[in-house]
Amino acid sequence: MTKNSGFFAGLDIGGTTVKSVLVDANAEQVGGLVEVRSLVKDGYEATFRQLENALEQLASGAGIDLSAIKGIGLDVPAPSSDGVIWGRANLGEDWVGTDIRGKLSERLGLPVYMTNDGNAAALGEYALRRKYHGSLLLVAPGTGLGGGLVLSGGTGYEGANGLALEVGHISVPFREDDGELPTCSCGLKGCVEAWVSLVALRRRLRFELAKPEWASHPLNEGDAPIEEKAFRLREFAEKGDALAVQIFKQQGFILGYAVADLVRVFDPGLVVVGGGLAETSFRDLYMGWIHEGFVDRAWPAYRHSPLDETKETTCFEWAIGGDASAAIGMAYAAREMFQ
Ligand SMILES: [Zn+2]
């Protein structure tokens, strides 16, 4: 095998689908995104079969033999260390505590690199910005709050045990209307994720809808479950609805607060905001609210150069890879590692 040969696959396991891409030895993406059902609730063996399925589709789409794939980058929607998922996850029971990386590597006869979805998306956003060589911090509000850090030059930072950048669980100094610190999905109180996740939207909406000022709000009509009402909040915010805007404004502001603390620790230069909000029509407003929270908390040097007030020291951008970021990041990581 000559040095510049072989192909590398990125496999991004989500709660519903596996998204996958292929890159060649020169870091060019080959073929398009292949998506298959993830079947994560049916146990990891079921998902492994789906991964094989995705690899076959990637190979045939690229017109190559399956054996030309030389390495795999795999990301999972759960915290893991040494290829073993250790934390609460929206997966079937047998995933937790299993050496997923080792088992998949043995099954495919290929080297496998494994990390969580936040780190994977950060690597993908980095790979897509070919002209950017500084460091990059990703925060991605969604079901939870994902995050990742890529150091200058493109190395993902995962910490000594793969446990770094659990950004959703840093604490923020905000209390709910009842004076309590909200409880996070991790069991702790006051985590930023408890303010910016989908679960947080439900809690906030419940508090707001109980107030007299929103008594005649359309979301107070009908007896749809709060999950369904919270799901519609984006659509309301897109139409400029005052209640929905207020809730997202608070969310963005608190996220900005947490980002300021992360920037104080890592000074990344570029903060990329991912997650589904990147696709909404009010995303510019949302970015403005993140920036408001950031400015409230970050010292001036983290905002602009002391020599040139117009030069920002921390830039903010939306993610550009859409829902393919993580798969792309994993394909690039596999190439870096296994070429
Ligand atoms: Zn937490």
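For region 135-319, max minus min Cα coordinate along each principal axis, in Å, sorted largest first?
53, 39, 30
Can you sort Asp82, Asp267 by how many other beta carbons sit within 10 Å, fewest first? Intermediate results must be reported in sequence, preceding the final value.
On the way: Asp82 11, Asp267 14.
So the ranking, lowest neighbour count to highest, is Asp82, Asp267.
Tell me, what does the Kirkwood hydrodynamic radius of the chain come to in angstroms if you use every pair of distinct C-alpha atoms? Let's see the in-between values first.
Details: mean 1/r = 0.0477 Å⁻¹.
Evaluated on the chain, it is 21.0 Å.
Hull surface divided by four, with the convex hull built on the Cα atoms of region 1-66: how many nm²?
Numbers: hull surface 18.1 nm².
The orientation-averaged projected area of the Cα hull of region 1-66 comes to 4.5 nm².
Against the empirical 2.2 N^0.38 Å scaling, what ratio does the C-alpha Rg of region 87-193 come to? Each step should come with its number before you reach the end.
Numbers: Rg = 16.7 Å, N = 107, 2.2 N^0.38 = 13.0 Å.
Relative to the 2.2 N^0.38 Å estimate, region 87-193 comes out at 1.28.
Take the residue pairs Lys189/Lys249; Lys19/Lys229; Lys70/Lys131; Lys41/Lys70 and return only those whose Cα atoms are more than 24 Å apart. Show your work: numbers first, answer last.
Working: Lys189/Lys249 21 Å; Lys19/Lys229 29 Å; Lys70/Lys131 27 Å; Lys41/Lys70 28 Å.
Beyond 24 Å between Cα atoms: Lys19/Lys229; Lys70/Lys131; Lys41/Lys70.
Taking other Cβ within 10 Å of each residue's Cβ, how do Tyr332, Tyr157, Tyr44 sort, fewest first?
Numbers: Tyr332 25, Tyr157 16, Tyr44 22.
Going from least to most buried by this count: Tyr157, Tyr44, Tyr332.
Quick check for me: using +1 on Lys/Arg Cβ and -1 on Asp/Glu Cβ, what's the dipole size of the chain about its Cα centre, in debye to the nearest 20?
The dipole magnitude comes to about 320 debye.
Is any residue of region 115-153 close enough, with backbone N under 12 Å, to a label point placed 7 angstrom from the Cα of Ile320 along the Cα-Cβ axis, and if so, which?
125-133
At a threshold of 8 angstrom on Cα-Cα distance, excluding pairs fewer than six apart, so keeping six or more, what relative contact order does the chain reach in percent? Working shown, then result.
On the way: 680 pairs, mean separation 71.5, N = 339.
Relative contact order of the chain: 21 percent.
What ranking of Trp195, Trp86, Trp299, Trp95 emerges when the number of other C-beta atoms within 10 Å of each C-beta is taken as an exposure proxy, fewest first? Walk me through the numbers before you get to the answer.
Working: Trp195 27, Trp86 15, Trp299 9, Trp95 21.
Exposure proxy ranking, most exposed first: Trp299, Trp86, Trp95, Trp195.
Which of Leu219, Gln246, Gly147 sits farthest toward the positive end of the charge dipole of region 135-319, with +1 on the Cβ of Lys and Arg and -1 on the Cβ of Asp and Glu?
Of Leu219, Gln246, Gly147, it is Gly147.
Using only the alpha carbons, work out the radius of gyration and Dmax of region 185-233 in angstrom.
Reported Rg and Dmax, both Å: 12.0, 35.
What is the Cα coordinate range of region 1-110 on the first, second and third principal axes, sorted by size from largest, in whole angstrom?
41, 25, 20
Just want to confirm a number: the relative contact order over region 135-319, from Cα pairs under 8 angstrom separated by 6+ residues, in percent.
Details: 276 pairs, mean separation 39.7, N = 185.
Result for region 135-319 is 21 percent.
Any chance you could run the full-extension gain for Ser67 through Asp296? It's 0.36 nm times the residue separation minus the Cα-Cα distance, nm to one decimal.
On the way: separation 229, 0.36 × 229 = 82.44 nm, distance 5.37 nm.
Stretched fully, the Ser67-Asp296 segment lengthens by 77.1 nm.
We did not get these values from a lab; they are worked out from the coordinates using the rules stated. Values in this document were obtained by computation on a predicted structure and should not be read as measured data. Virtual Cβ from ideal backbone geometry, glycine too; neighbours counted across all protein chains shown.
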